[in-house]
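Following: one structure in structure tokens, then a few remarks.
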Amino acid sequence: MRSFPTVLSRRAALGLGAAAGAMTALPALAAPSPSLASLARDKGLIFGSAVGAGPVGSLTGSFEDARLRQILKDECGVLVPENELKWYVIRAAGPQAFDFSRADRIADFAKANGQALRGHTLLWHHPQWFPAWIKTHDFGPQPKVAAEAMLTEHIQKLCQHYPQMISWDVVNETVDPADGSVRNTVFSDILGREQTLDLAFHTARAAAPKARLVYNDYMSWEVGNEKHRYGVLKLLEGFRKRGTPIDALGVQAHIGAENADSFTGFGKPQEQEWRAFLDEATGMGYDLLITEFDVHDKGLILDFGPRDAAVAAYAKGYLDLMLSYRQAKEVLAWGMVDKYSWLQNQWLREDKKPKRPTLYDDNYQAKPLREAVAAALKAAPVR
Ligand code: 9MR
């Protein structure tokens, strides 16, 4: 009996909690030092990652993994729930129900570790990403009033539930990359497209006055993104003309291979056009956030050495360019460990082998991509 408290205190001295998961011995973890969070902080930036809350249905299972949680703790100054704030998760059960339980797990973890939180997303303005019930929802005799009330309530509830958010992706991916037009949804069918988007930002500003408000999209620097970039600039210009309250453009930064089945290698970066795009956005007064960084290595050779080196070099060029803009304020990875990346589930490699798009490999070891991010943060001007 006497030895029991000794065991506990040793465990406590090692910083291990009493939770069942912590009883399992984990191999020594070697997150490099200084952390990415501190390298970013030195430059007036914040670094962090998205993470999924746990294995339910199609939702990413990464948060159950104690080693991943350790990496998040060691490296990140801010966390983003990967899917847990989306309409189809929060409002899965129907028009009246809000389920914050999954996102709360991540919020609680961030709070316990002194990390900030950022919100993704209040309005993924794309018909595919709403809960099924909304398609047949009866908006009644005054559909405008009802649709406005539903959208407003949604944004207010989420902002009030998470007053700690440092930034919110208020609207996500509403520009169609095929022609640069704005997508239609249940809401825009009733309220109008501009009206819907403006309503979202005005409501968010009132409900989250301290948060950075963001339009987030995946237009990228590779060839083939021209119409997408054009459409986003048109949208941003319209927001400014109408006085819609937006602080930043979220550049998702899913860089690398074109997201298509036939592709090999990396896409061809259009550096000059990309700078022109960023100049236009910052010229309108928008800050820039790198919101979903990863490198799609689908078409590269299997060997880890040259593959990881190519990924790191490609990323370093991109991040150096992005961080040369003092308007760039946040850097978010879309996942920290390869096996949990969304890219494992689509656009498979021809050899069906796993991809290596994130900063840490499946043994929780830092990869050259992690060093590229660290080097880019070190090289970035202070802002
Ligand atoms: O990584 C996310 C994946 O787990 C989800 O299944 C998917 C659909 O909700 O969304 C992924 O994240 C996307 C993000 O929300 C918006 N930009 C593109 C991201 C990758 O598809």
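Karplus couplings for region 211-219 from phi (6.51 cos²θ - 1.76 cosθ + 1.60, θ = phi - 60°), rounded to Hz, Gly and Pro as x?
Rounded to whole hertz, the list is 7, 6, 9, 10, 9, 10, 7, 10, 3.
Could you work out the relative contact order of the chain? I mean the mean sequence separation of Cα pairs under 8 Å and 6+ apart, divided by the number of residues, in percent.
16 percent
Separation between the Met284 and Val145 pseudo-spin-labels, each 7 Å from Cα along Cα→Cβ, expressed in nm?
3.4 nm
In nm, to one decimal, how far is the Asp351 label point from the Ala66 one, both placed 7 Å along Cα→Cβ?
Output for this residue pair reads 3.4 nm.
Report P(r) for region 190-334: all Cα-Cα distances, bin width 5 Å, range 0 to the bin holding the largest distance, values in whole percent.
Once binned at 5 Å, the Cα pair distances of region 190-334 give 2, 9, 18, 20, 18, 13, 9, 6, 3, 2, 0.
Of all the C-alpha pairs in the chain, what % are more than 32 Å from each other?
It works out to 34 percent of all Cα pairs.
Evaluate the relative contact order of region 206-298 (contact order divided by residue number), counting alpha-carbon pairs under 8 angstrom at least 6 apart; express in whole percent.
Over region 206-298, the number comes to 37 percent.
Heavy atoms of the protein only, probe of 1.4 Å, neighbouring chains included. What is the accessible area of Leu343 in Å², nearest 10?
Surface accessible to solvent at Leu343 totals approximately 0 Å².
How much length would be gained if the chain were fully extended between Gln164 and Gln195, taking 0.36 nm per residue of separation minus their Cα-Cα distance, in nm to one decimal?
Length gained, Gln164 through Gln195: 8.4 nm.
Out of all DSSP beta bridges in the chain, what portion is antiparallel? Express it as a percent rounded to 5.
Here the share of antiparallel DSSP bridges comes out near 10 percent.
Show me, for region 358-368, the HN-Hα J-couplings you get by feeding each phi into the Karplus relation (A = 6.51, B = -1.76, C = 1.60, θ = phi - 60°), rounded to Hz, glycine and proline as x.
Karplus-based 3J(HN,Hα) across region 358-368 equals 10, 7, 10, 7, 6, 9, 6, 9, 5, 9, x Hz.
Taking H as built 1.01 Å from N, whose amide H comes closer than 5 Å to the amide H of Ala333, not counting residues under 5 places away?
Hits under the 5 Å cutoff: Gly48, Ser49, Ala50, Phe293.
Over the Cα atoms of region 108-226, compute the convex hull volume and normalise it per residue, giving Å³.
Taking only Cα atoms, region 108-226 has a hull volume of 129 Å³ per residue.
In deg cm²/dmol, rounded to 500, what helix-only [θ] at 222 nm does the chain give when every DSSP H run of at least 4 residues adds -39500 (n - 2.57) and the total is split over its residues?
Result for the chain: -12000 deg cm²/dmol, rounded to the nearest 500.
Starting from the amide H of Asp287, placed 1.01 Å from N in the peptide plane, find each other amide H under 5 Å away whose residue is 5 or more places distant or on another chain.
Sorted by chain and number, the residues that satisfy this are Ala248, Leu249.
Of all the Cα-Cα pairs you can form in region 245-326, what percent are over 21 Å apart?
Considering region 245-326, 35 percent of its Cα-Cα pairs are separated by more than 21 Å.
For Ser167, which sequence-distant residues (separation of 5 or more, or a different chain) have an amide H within less than 5 Å of its own amide H, given hydrogens modelled in the peptide plane?
For Ser167, whose amide H was placed from the backbone, the distant partners under 5 Å are Gly119, Arg212.
Using θ = phi - 60° and the Karplus curve 6.51 cos²θ - 1.76 cosθ + 1.60, what whole-Hz ³J(HN,Hα) does each residue of region 92-104 get, with Gly and Pro shown as x?
4, 7, x, x, 8, 9, 10, 10, 8, 4, 5, 5, 4
Given 0.36 nm per residue, what is the gain on full extension from Ala206 to Val382 after removing their alpha carbon distance, in nm?
Stretched fully, the Ala206-Val382 segment lengthens by 60.3 nm.
Ignoring any ligand, DNA or RNA, what whole percent of the accessible area of region 224-383 comes from carbon and sulfur when the probe is 1.4 angstrom?
Solvent-exposed carbon and sulfur of region 224-383 make up 52 percent of the total.
If you count only protein heavy atoms with a 1.4 Å probe, what accessible area per residue comes out for the chain, rounded to a whole Å²?
That works out to 43 Å² for each residue.
Which of the three applies to region 189-228, rounded, prolate or oblate, going by the alpha-carbon gyration tensor with a ≥ b ≥ c and a/c under 1.5 meaning rounded?
Oblate is the answer for region 189-228, as a/c is 1.5 or above yet b/c matches or exceeds a/b.
Checking the cross-link filter: which lysines have an alpha carbon closer than 26 Å to that of Lys241, excluding same-chain neighbours under 8 positions apart?
Lys144, Lys210, Lys227, Lys329
Between Phe98 and Gln272, what is the label-to-label distance in nm when each label sits 7 Å out along the Cα-to-Cβ direction?
If labels sit at Phe98 and Gln272, their model points lie 5.0 nm apart.
How long are the three semi-axes of the equivalent ellipsoid for region 283-336, computed from the Cα gyration tensor as the root of 5 times each eigenvalue, in whole Å, largest first?
The answer is 27, 11, 8 Å, longest axis first.
The values are calculated or read from the model by the stated rules, or taken from the named source; none is laboratory data. What you see is a predicted model; the values in this text were computed from it and never measured. Note: ideal-geometry Cβ built from the backbone for every residue, glycine included; neighbour counts use all protein chains shown. Ligands, DNA and RNA are excluded from the accessible area calculation, which covers all protein heavy atoms including side chains. Shrake-Rupley method; radii C 1.70, N 1.55, O 1.52, S 1.80 Å.
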